[in-house]
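Below is one structure; the comments refer to it alone.
The values are calculated or read from the model by the stated rules, or taken from the named source; none is laboratory data. None of the values given here were measured: they were computed from a predicted structure. Don't worry about glycine lacking a Cβ; one is built from the backbone with ideal geometry, like all the others, and counts go over all protein chains shown.
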2 protein chains.
Amino acid sequence: MEHNLRDYFEKTLKEVAIDCVIFGFHAGELKVLLLKWKGTDGWSLPGGHILLDESANDAANRILMERTGLGEIFLQQYYTFGAVNRYTHYSEAELLEKLEITFGKGFFEGIIFRRTVSIGYFALVEFDQVSPAPDWFTDECRWWNLADVPALLFDHNEMIERALTALRQHIRNQPVGYNLLPEKFTMPELQRLYETILDRQFDRRNFQKLLMSYDILEKLDEKRVGVANKSPFLYRFDKLKYERAMETGVAFSM
Amino acid sequence: MEHNLRDYFEKTLKEVAIDCVIFGFHAGELKVLLLKWKGTDGWSLPGGHILLDESANDAANRILMERTGLGEIFLQQYYTFGAVNRYTHYSEAELLEKLEITFGKGFFEGIIFRRTVSIGYFALVEFDQVSPAPDWFTDECRWWNLADVPALLFDHNEMIERALTALRQHIRNQPVGYNLLPEKFTMPELQRLYETILDRQFDRRNFQKLLMSYDILEKLDEKRVGVANKSPFLYRFDKLKYERAMETGVAFSM
């Protein structure tokens, strides 16, 4: 990629980019996937450009696949970031200077560093299934707990904040969990996911009653073993019913 | 503008545009503002380009102001349209041919007609306060009943559909009416607005009870006169409380 960066940029839209907030859930924590840019201490969301013959949504799916190896993931466009200056914590000059030490003086001339509007997408992925992969531009790609996210490049902290707001709006109107939990899970695990996203506690019985009323869950004839005291039943989502509920909407009113 | 179109395009982003779905409400009908392009029978949403020193949101507000004369309007970004080909009912060649009859051969060479991603905004405006204004590019600007909207230029029919979906989502989580109704209105008028947007009927008492529970309405010591049979009380929104409800959200669960 280093060698044909200019070729690549000839094949993409220049003023529009894509950035993805990829949420994962593990051990009761909501996480987000970040990349560290080579030769800098700056972290950013995974993102990229739209090929001339590719739709914005396809580009977002491609970027998600490149970074996580996952396809067919729930990916939602939530906001387009169109501020004149999208450099918040690191100035353009500061970033360019550091990158040129690694990539060579003039390497980015006329490309990348121009005003760009970025379309924000968020995705919910199952933590265990992801193999985070850096690209040619970055030397690290890993999960960060939401609470520990540092000052990011560009306006990416705002992007995460708005994605979280969108996710919370989403969870109030549509079911969540299909791509965030393993195939089989317990009711307390599902409740923990909802509590983590919404940053609130719910009554166990009311939660179970409401979620069962959506008619998207299948209670299995199987229990989680090895859990202290109790052996809770396992559940899984009925994919067809879940997808229908995504279309028609459900009201999470707790 | 005709004379310095090229200058104007030098000062704007080229691959990103803005389109606004401006909803108005009048006589129990939801309406949308459309423009007819000069020398064609093609109608479109009001839209435009983002100046290099202007944010996307500022551009949307400027466009809204130019078309309606209204400032400080609730304007919400709802989706960015990024398909590779956004010409649905009229092909690019067909449109260009008609426009060149009016504007001259080669007038648009290298400008306008290139792949553009468009950021969609919707606005809710008080029908009576708007003076629709065509721009240099269009010869008519007027309200259309939603039900009567013709086959539009580009993907603008899809834009209206998605805006309506976004408006319906919005009304389920936030109050609506401040910019759509006159300053003073009756409860049946407010109910009619909700019924029109959601395309459903509500029980009069339940509706009133729910809306009053939001604590955003002020019942006035005044009645609408000249209405057959009854003289219903007038209400108005308490602007501060309304704005707070926009922040915190309300659940319209009927």
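Of the residues B:LEU30, B:LEU51, which single one is more than 26 Å from B:TRP144 (Cα to Cα) and touching a Ser or Thr at 6+ places or on another chain (Cβ under 8 Å)? The conditions single out B:LEU51.
Among the conditions (1) under 21 Å from the mean Cα position of the chain (by Cα); (2) assigned to a helix (DSSP H, G or I); (3) crowded, with 19+ Cβ neighbours inside 10 Å, B:GLU243 misses just one, which is (3).
Residue by residue, here is whether (1) of a type in the set (A, V, I, L, M); (2) not in a helix (DSSP H, G or I) holds:
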site	(1), (2)
B:GLY106	no, yes
B:LEU124	yes, yes
B:ALA147	yes, no
B:ALA151	yes, yes
B:PHE154	no, yes
B:GLU158	no, no
B:LEU180	yes, yes
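Scanning the range A:121-172 for residues that are of a type in the set (Phe, Trp, Tyr), under 22 Å from A:MET65 (Cα atoms) and in contact with a strand residue (DSSP E or B) (Cβ under 8 Å, 6 or more places away or on another chain) returns A:TYR121, A:PHE122, A:PHE127, A:PHE137, A:TRP143, A:TRP144. Hey, any hits in the range A:203-212 for a residue that's modelled with pLDDT of 90 or more, charged (D, E, K, R), surrounded by 18 or more Cβ atoms within 10 Å (Cβ to Cβ) and over 29 Å from A:ASN57 (Cβ atoms)? Within the range A:203-212 (the criterion being modelled with pLDDT of 90 or more, charged (D, E, K, R), surrounded by 18 or more Cβ atoms within 10 Å (Cβ to Cβ) and over 29 Å from A:ASN57 (Cβ atoms)), the answer is no, since none of the residues qualifies.
Restricting attention to the range A:79-97, which residues are in a loop (DSSP other than H, G, I, E, B) and more than 22 Å from the chain's Cα centre (by Cα)?
Hits for the range A:79-97 are A:VAL84, A:ASN85, A:TYR90, A:SER91.
Going by the structure shown, is B:LEU95 more than 14 Å from every other protein chain (Cβ to nearest Cβ), more than 17 Å from B:TYR8 (Cβ to Cβ) and either surrounded by 13 or more Cβ atoms within 10 Å (Cβ to Cβ) or of a type outside the set (Phe, Trp, Tyr) (or both)? Here the answer is yes, as B:LEU95 does meet what is asked. Taken together, the criteria place B:ARG162 among residues that are basic (Lys, Arg) and either in contact with a helix residue (DSSP H, G or I) (Cβ under 8 Å, 6 or more places away or on another chain) or surrounded by 15 or more Cβ atoms within 10 Å (Cβ to Cβ) (or both). Residues that are without any contact (Cβ under 8 Å) to a residue 40 or more places away in the chain and in a helix (DSSP H, G or I) were ranked within the range A:187-206; the one that is farthest from A:LEU234 (Cα to Cα) is A:LEU198.
Whether a residue is of a type in the set (A, V, I, L, M, F, W, C) and under 19 Å from B:ASP7 (Cα atoms) was assessed, and B:LEU51 passes this test.
Restricting to strands (runs of 3 or more DSSP E) lying wholly in the range A:1-78: which have 2 or more residues that are modelled with pLDDT of 95 or more and among the β-branched types (Val, Ile, Thr)? Result: A:12-26. Here B:GLU100 meets each of (1) modelled with pLDDT of 95 or more; (2) part of a helix (DSSP H, G or I); (3) more than 30 Å from B:MET246 (Cα to Cα) with one exception, condition (1).
Does B:PHE122 meet the test of being touching a residue at least 40 places away in the same chain (Cβ under 8 Å), surrounded by 17 or more Cβ atoms within 10 Å (Cβ to Cβ) and among the aromatic types (Phe, Trp, Tyr)? The answer is yes for B:PHE122. Looking only at residues of the range B:165-178 that are within 15 Å of B:GLY24 (Cα to Cα) and not in a helix (DSSP H, G or I), we find that the one that is nearest to the other protein chains (Cβ to nearest Cβ) is B:VAL176. Being within 13 Å of chain B (Cβ to nearest Cβ), crowded, with 17+ Cβ neighbours inside 10 Å and not aliphatic (A, V, I, L, M) is a condition met by at least one residue of the range A:16-31. Does the range A:207-214 contain any residue that is more than 22 Å from A:TYR79 (Cα to Cα) and either part of a loop (DSSP other than H, G, I, E, B) or in contact with a Gly (Cβ under 8 Å, 6 or more places away or on another chain) (or both)? Yes, because at least one residue in the range A:207-214 is more than 22 Å from A:TYR79 (Cα to Cα) and either part of a loop (DSSP other than H, G, I, E, B) or in contact with a Gly (Cβ under 8 Å, 6 or more places away or on another chain) (or both).
If only residues of the range A:53-84 that are at the interface with another protein chain (Cβ under 8 Å from one of its Cβ atoms) and more than 16 Å from A:ILE119 (Cβ to Cβ) are counted, the one that is surrounded by the fewest Cβ atoms within 10 Å (Cβ to Cβ) is A:ASP53. Looking at A:ARG115, A:ARG192, just one residue is in the same structural domain as A:GLU218 (by TED's automatic domain parsing) and modelled with pLDDT of 85 or more, and that residue is A:ARG192.
Among the residues of the range A:45-85, the ones that are of a type outside the set (A, V, I, L, M), in contact with a Lys or Arg (Cβ under 8 Å, 6 or more places away or on another chain) and within 20 Å of A:PHE154 (Cβ to Cβ) come to 5 in all.
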